[in-house]
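Beneath this line is the structure, given in structure tokens, with notes to follow.
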Amino acid sequence: MDVDMIELTYRPTRADILAGILVRERLRRLHLVRWGFTALFGAAALLSLAARQASAVSFVLAVFCAVLIWAMPHLQAHHALRTVSWQGEYRTSVGEQGITAETAHVTLLQRWSVFRGYRETRDHLVLLSRDPNILLVEVLPLRGLRAPEDAERLRALMDGQLPRL
């Protein structure tokens with residue numbers, strides 16, 4: 001085993017996946033589109049309330065669309081969690097070769113060349129793939145570290161391999 005290997009052990013949560021989705025959304029500036037459409041449908045709901053001859057259906061439909069668009073990242077996180085949660089506990093090793101994630105059912109090695117960079121949130125390190133649509137997002141929850149001092153080692157290793165975005 002690599003001496004500079006940093007290990008994380010965790011069960012993915014919806015908050016972990018949501019953090020990855022929100023970082024990806026911000027990097028691609030999709031949050032502006034989402035909030036724009038949310039505001040558009042919110043304004044339509046207010047206009048239908050103010051209009052004398054508007055039906056209640058148009059108001060309810062506009063509110064429903066605004067809420068649905070706003071909640072899209074949360075729905076995506078819920079769906080993704082259902083997709084991965086059956087695999088149970090993840091044991092992830094981060095080292096010079098890349099990131100190895102292992103569960104009872106699968107082992108996946110992702111070399112550093114797969115990623116364009118990473119972004120840190122309060123509780124996570126989120127790695128984003130090189131492809132134009134950022135289809136791959138790897139989320140490393142800091143709560144999975146064995147010791148608090150491992151967080152600094154992990155940041156130093158990441159800084160040596162990838163740029164911060």
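The values are calculated or read from the model by the stated rules, or taken from the named source; none is laboratory data. Just so we're clear, the structure is a prediction, and the values are computed from it rather than from any experiment. Cβ placement follows ideal geometry from the backbone for every residue including glycine, while neighbour counts extend to all protein chains displayed. Accessible surface is based on the protein model in full, side chains and every heavy atom, while ligands, DNA and RNA are left aside. Shrake-Rupley method; radii C 1.70, N 1.55, O 1.52, S 1.80 Å.
So that you can scan it fast, the table gives a plain yes or no per residue for (1) assigned to a helix (DSSP H, G or I); (2) open to solvent by less than 80 Å² (accessible area, probe 1.4 Å):
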position: L46; (1), (2): yes, no
position: L49; (1), (2): yes, no
position: A54; (1), (2): no, yes
position: L68; (1), (2): yes, yes
position: P73; (1), (2): yes, yes
position: H78; (1), (2): yes, no
position: W86; (1), (2): yes, no
position: S93; (1), (2): no, yes
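Taking the condition modelled with pLDDT of 90 or more and open to solvent by less than 40 Å² (accessible area, probe 1.4 Å), does R34 pass?
It is true that R34 is modelled with pLDDT of 90 or more and open to solvent by less than 40 Å² (accessible area, probe 1.4 Å).
With the requirement that a residue be within 17 Å of V137 (Cα to Cα) and out of contact with any Asp or Glu (no Cβ under 9 Å at 6 or more places or on another chain), what does the stretch 24-46 give you?
R24, E25, R26, L27, R28, R29, L30
Yes or no: the stretch 99-106 includes at least one residue that is hydroxyl-bearing (S, T, Y), within 16 Å of L18 (Cβ to Cβ) and open to solvent by 30 Å² or more (accessible area, probe 1.4 Å).
no
Can you pull out every residue in the stretch 1-31 that is over 9 Å from the mean Cα position of the chain (by Cα), assigned to a helix (DSSP H, G or I) and among the hydrophobic types (A, V, I, L, M, F, W, C)?
Within the stretch 1-31, L27, L30 qualify.
Pairs under 8 Å by beta carbon, first residue without any contact (Cβ under 8 Å) to a residue 12 or more places away in the chain in the stretch 130-153, partner surrounded by 16 or more Cβ atoms within 10 Å (Cβ to Cβ) and aliphatic (A, V, I, L, M), six or more apart or different chains?
Partner pairs satisfying both residue conditions: A151/L142; A151/L145.
Do you know which residues across the stretch 131-160 are assigned to a helix (DSSP H, G or I), over 14 Å from R119 (Cβ atoms) and open to solvent by 30 Å² or more (accessible area, probe 1.4 Å)?
Result: R143, E152, R153, A156, G160.
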